[in-house]
1. Name the residue farthest towards the positive end of the dipole of the range 450-512 from the options Ala494, Met461, Ser479, assuming +1 on Cβ of Lys and Arg, -1 on Cβ of Asp and Glu, about the Cα centre.
2. Read phi for every residue in the range 385-399 and hand back ³J(HN,Hα) as whole Hz from Karplus 6.51 cos²θ - 1.76 cosθ + 1.60, θ = phi - 60°, with x for Gly and Pro.
3. Considering the options Pro119, Leu28, Ile88, tell which one lies farthest towards the positive end of the dipole of the chain, charges being +1 on Lys and Arg and -1 on Asp and Glu at the Cβ, about the Cα centre.
4. Given H placed on each backbone N at 1.01 Å, which residues far from Lys135 in sequence or on other chains put an amide H within less than 5 Å of it?
5. When each pair of different Cα atoms in the range 314-374 is counted once in the 1/r mean, what is the Kirkwood radius in angstroms, to one decimal?
6. Rounding to the nearest 10 and keeping the result within 0 to 90°, find how far the Cα-based axis of helix 121-130 lies from the longest principal axis of the chain.
7. Compute the Rg to Rh ratio over the range 2-189 from the alpha carbon atoms, using the Kirkwood formula for Rh, and round to two decimal places.
8. Please state, as a whole number in µm²/s, the translational diffusion coefficient that the Stokes-Einstein equation yields for the range 18-112 at 10 °C and 1.306 mPa s, with Rh defined as the Kirkwood radius across alpha carbon pairs.
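Every read-out reported here was derived from the displayed coordinates using simple, explicitly stated rules and does not represent laboratory data. In this text, all values refer to a predicted model and were calculated from it rather than measured experimentally. When we count neighbours, we look across all protein chains shown, and the Cβ atoms used for this are built from the backbone with ideal geometry, even at glycine.
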Amino acid sequence: MFSLMHSSSVLGVEGKEISVEVDIANGLPQVSVVGLPDPAVRESVERVRAAIKNSGFAFPLERITVNLAPADLRKEGTAFDLAIAAGILTASGQLEAKPFERSMLIGELSLNGDIRPVPGVLAMIEQAKRSGIRKVLLPLANAKEAAWITEMELYAVTHLKELLTQHKGSEAWSDIRFDAAASRQLASAAAADEHAVDIGDYSDVYGQQQAKRALLIAAAGKHNILFAGPPGTGKTMMIRRLPGILPPLTEEEALEVTKIYSAAGKLSTDAKGLIRIAPFRSPHHTISAGGLIGGGSVPKPGEVTLAHHGVLYLDELPEFSRTVLEVLRQPLEDGIVTIARSRAVFHFPARLMLAVSFNPCPCGYAGHETAEKRCSCSDSAIAKYKSKMSGPLLDRIDIQLEVPRPIEREGNAEIPAEMSSSRMRQLVLEARTRKERRDEELGLKPGARLSGTALRRSILMKKEAFELLDHALTVLNISMRAYDRILRLARTIADVEGSDCVEDVHVAEAIQYRRLDI
């Protein structure tokens with residue numbers, strides 16, 4: 001007897017439909033799984049055998065062949081368990097095959113027949129919809145996640161025995177059908193206060209007005225930002241407050257980010273819904289290149305992709321390996337990570353803000369010495385320390401700012417009122433709204449990143465501003481990439497100021513943020 005089931009796997013961050021073919025023939029009792037399975041897939045035989053027996057079914061004592069197609073694609077994970085079990089039960093005549101036609105089965109089996117959740121369900125359901133499959137049987141713990149893909153029939157299975165419910169009425173599995181619309185509605189209501197995360201407020205930061213304005217502009221235009229300065233000036237503290245001024249993700253962005261975290265196995269089954277808060281990733285400086293951009297025999301998302309539509313923060317930049325830092329060049333320029341393997345090429349999204357901070361030397365006090373703190377580093381040590389930061393990488397950072405020690409207030413001088421994170425977030429929202437409206441008027445895609453002639457034509461700019469920018473190109477000897485980035489930064493500054501036209505003061509401010517180029 002032959003049976004065909006549909007399941008799915010995750011390649012990169014995208015789902016891939018997998019056909020599970022089961023053939024039962026006369027011969028010595030044995031089970032063979034073919035189609036490039038990894039150890040977790042091969043071990044599914046023992047899980048399926050015990051689950052079938054402990055669920056009241058009979059495991060066939062014949063020759064069973066399970067083929068996972070396409071056969072030239074490596075399969076990994078435990079998401080095929082439910083499909084393999086259903087294939088064996090239908091091929092042996094213990095279940096009817098008709099209800100499983102054009103249905104996708106996803107789930108890991110325990111030895112007693114319980115259905116356990118698996119990672120990457122959001123990408124799998126999305127692929128099923130593109131393939132024309134509308135009916136999905138999946139673990140109950142994954143149902144809320146899958147509900148965000150609309151126009152799908154979801155059946156939340158908790159135990160293998162529930163596949164027998166097809167005999168109770170005219171509609172198969174009607175009593176385990178999941179109400180996806182109600183789930184989405186509840187999750188949307190629960191997300192109303194989701195942005196209120198306790199990360200500190202910028203009103204708590206004394207002084208550093210220029211640094212906070214730079215962070216405001218960076219958040220408004222999604223610009224990369226660099227803070228340099230001695231220890232204790234608040235570099236790390238201010239950057240870690242950055243998520244507090246970023247607006248919530250749009251529906252499309254939230255779906256993309258949630259799919260990435262689901263594929264990476266980092267999405268909690270207790271999650272209320274889509275990830276609405278912009279991600280903030282801060283890896284340790286011992287991270288490998290593969291950990292940063294993704295890797296493995298079947299590549300998984302790295303920190304760059306996990307920071308998609310959010311912030312990637314590299315604290316103490318020179319402590320990272322130069323080899324690791326150089327892999328950031330392409331993602332920062334193209335917004336995508338491309339990893340090639342012998343059997344396939346994988347693409348990971350990486351539209352992010354890069355935030356970095358570092359000290360001026362290994363001891364931290366070069367150029368910022370006081371009577372108590374003196375720099376003890378030699379010139380060669382400082383040169384070696386700074387050599388980790390290559391010119392091409394720094395060229396991709398729009399805002400480069402020195403953060404000095406806060407100026408102490410004199411006597412009984414009043415402490416000036418500091419701008420709060422909520423006010424800064426409001427300004428960021430207003431600036432982004434202006435950009436979105438302008439892009440719509442110009443017929444551009446939302447979030448489009450133009451360069452060269454197309455960028456200059458899309459920006460309304462006064463003659464004096466263009467002359468100042470051209471003068472900077474000549475005098476400062478900046479690259480054409482830096483020229484475009486200064487122009488884009490000036491446009492963001494104008495948006496923050498509420499100006500429709502880029503003026504020379506906006507260009508001047510954008511130029512002075514390129515401290516390491518001057």
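1. Most positive-ward Cα: Ser479.
2. 4, 7, 5, 5, 9, 6, x, x, 6, 5, 5, 8, 9, 6, 10
3. After comparing all options, I get Leu28.
4. Met104, Glu153
5. By the Kirkwood definition, the hydrodynamic radius is 14.5 Å.
6. 70 degrees
7. Reported Rg/Rh (Cα atoms, Kirkwood Rh): 0.95.
8. For these conditions, the coefficient is 119 µm²/s.
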